[in-house]
Amino acid sequence: MLTYLRGIAVAIAVTLAAVTLPGAARAQFSGLCDQVTVEYFSKFWHIKPPILRPLNEEMNARQIACGNVYRLSPEFDLVVSYGGMVFLNSFNAQSFSLGVNFEVQYRPDVLGNFGLYGGLDAGFIYGYQGFLRPDLLIGPLRAGAIAKAGFLYDVPDTNLTAFAGVRYVPARGRNGSGIFAPGIGLTYHFD
């Protein structure tokens with residue numbers, strides 16, 4: 001539980017740092033993207049019991065993403081981001097990933113400041129060498145994807161959106177277990 005709370009504190013600190021950057025630095029960074037998102041998520045449940053060995057039950061993933069928002073309609077936005085993540089993989093080894101994120105956000109007027117989101121993060125992960133068969137890797141990297149869905153809350157009179165949701169990775173292969181991972185985060189929108 002302490003590790004989980006520590007991860008939440010790191011996510012909040014990074015977002016607050018982005019919010020309090022001097023105006024010139026914010027303007028320069030906002031040329032790369034419309035928004036910056038930080039998220040923390042941790043494993044909650046393995047889809048099936050591990051076959052080969054006990055697996056890490058924490059994950060403690062921290063992700064930061066730089067995104068651009070595309071208005072699809074008055075109620076729907078598409079957010080396309082690029083970013084990185086640091087986490088403990090299923091074998092308790094420190095891993096790093098870089099990738100892209102696609103997310104559809106739905107904000108109907110009837111929900112006020114609330115909304116829904118769903119999407120997919122995909123990329124390449126470093127940290128599985130020595131744990132997986134070489135034919136499952138691309139050099140030292142492993143391709144991966146995580147589905148995500150949850151709730152949004154646009155904080156009134158700020159450029160912040162808080163969100164909470166769940167991530168899902170399906171079981172892969174005979175020995176894979178897959179995971180569900182609840183997460184929370186903040187997005188700062190540059191204006």
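The values are calculated or read from the model by the stated rules, or taken from the named source; none is laboratory data. Being a predicted model, the structure only gives us computed values, none of them experimental. Please note: Cβ atoms are built from the backbone with ideal geometry, for glycine as well, and neighbour counts cover all protein chains shown. Each accessible area value is taken on the protein alone, full model and side chains, heavy atoms only, with ligands, DNA and RNA left out. Shrake-Rupley method; radii C 1.70, N 1.55, O 1.52, S 1.80 Å.
Taking the condition hydrophobic (A, V, I, L, M, F, W, C), touching a residue at least 12 places away in the same chain (Cβ under 8 Å) and closer than 21 Å to M59 by Cα, does F151 pass?
On the way: hydrophobic (A, V, I, L, M, F, W, C): yes; touching a residue at least 12 places away in the same chain (Cβ under 8 Å): yes; closer than 21 Å to M59 by Cα: no.
Answer is no for this residue.
May I ask you to verify whether R133 is in contact with a strand residue (DSSP E or B) (Cβ under 6 Å, 6 or more places away or on another chain), of a type in the set (D, E, K, R) and without any contact (Cβ under 8 Å) to a residue 40 or more places away in the chain? Outline the logic, then answer.
On the way: in contact with a strand residue (DSSP E or B) (Cβ under 6 Å, 6 or more places away or on another chain): no; of a type in the set (D, E, K, R): yes; without any contact (Cβ under 8 Å) to a residue 40 or more places away in the chain: yes.
No.
Looking at the range 171-180, which of its residues are at pLDDT 75 or above and of a type in the set (A, V, I, L, M)?
Within the range 171-180, the subset at pLDDT 75 or above is 179-180.
Passing the criteria: only I179.
Yes/no matrix, rows are residues, columns are (1) among the aliphatic types (A, V, I, L, M); (2) part of a strand (DSSP E or B); (3) open to solvent by 30 Å² or more (accessible area, probe 1.4 Å); (4) touching a helix residue (DSSP H, G or I) at 6+ places or on another chain (Cβ under 9 Å):
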{"site": "V86", "(1), (2), (3), (4)": "yes, yes, yes, no"}
{"site": "S97", "(1), (2), (3), (4)": "no, yes, no, no"}
{"site": "F102", "(1), (2), (3), (4)": "no, yes, yes, no"}
{"site": "Q105", "(1), (2), (3), (4)": "no, yes, no, no"}
{"site": "V110", "(1), (2), (3), (4)": "yes, no, yes, no"}
{"site": "L116", "(1), (2), (3), (4)": "yes, yes, yes, no"}
{"site": "L120", "(1), (2), (3), (4)": "yes, yes, yes, no"}
{"site": "G123", "(1), (2), (3), (4)": "no, yes, no, no"}
{"site": "L132", "(1), (2), (3), (4)": "yes, no, yes, no"}
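Considering only residues that are within 22 Å of G178 (Cβ to Cβ) and out of contact with any strand residue (DSSP E or B) (no Cβ under 6 Å at 6 or more places or on another chain), which ones fall in the range 66-96?
As a first pass, look at the range 66-96 and keep what is within 22 Å of G178 (Cβ to Cβ): 85-96.
Correct list: L88, S90, F91, N92, A93, Q94.
Do you know which of the residues in the range 125-148 that are within 17 Å of M59 (Cα to Cα) and charged (D, E, K, R) is modelled with the highest pLDDT?
Restricting to residues being within 17 Å of M59 (Cα to Cα) and charged (D, E, K, R), the top hit is K148.
Sort out which residues of the range 134-148 are part of a loop (DSSP other than H, G, I, E, B) and not small (G, A, S), and write them in order of number.
L137, P140 - these are the residues of the range 134-148 that are part of a loop (DSSP other than H, G, I, E, B) and not small (G, A, S).
Within the range 67-84, work out how many residues are within 11 Å of the chain's Cα centre (by Cα) and either among the basic types (K, R) or open to solvent by less than 50 Å² (accessible area, probe 1.4 Å) (or both). First the steps, then the outcome.
As a first pass, look at the range 67-84 and keep what is within 11 Å of the chain's Cα centre (by Cα): 81-84.
So of that shortlist, the ones also either among the basic types (K, R) or open to solvent by less than 50 Å² (accessible area, probe 1.4 Å) (or both) come out as 81, 83-84.
Within the range 67-84, residues that are within 11 Å of the chain's Cα centre (by Cα) and either among the basic types (K, R) or open to solvent by less than 50 Å² (accessible area, probe 1.4 Å) (or both) number 3.
Across the range 149-170, which residue is modelled with the highest pLDDT among those that are open to solvent by 50 Å² or more (accessible area, probe 1.4 Å) and among the β-branched types (V, I, T)?
Only one residue tops the list, namely T158.
Test each condition in (1) assigned to a strand (DSSP E or B); (2) without any contact (Cβ under 8 Å) to a residue 24 or more places away in the chain for G185 and report the one that comes out false.
(2)
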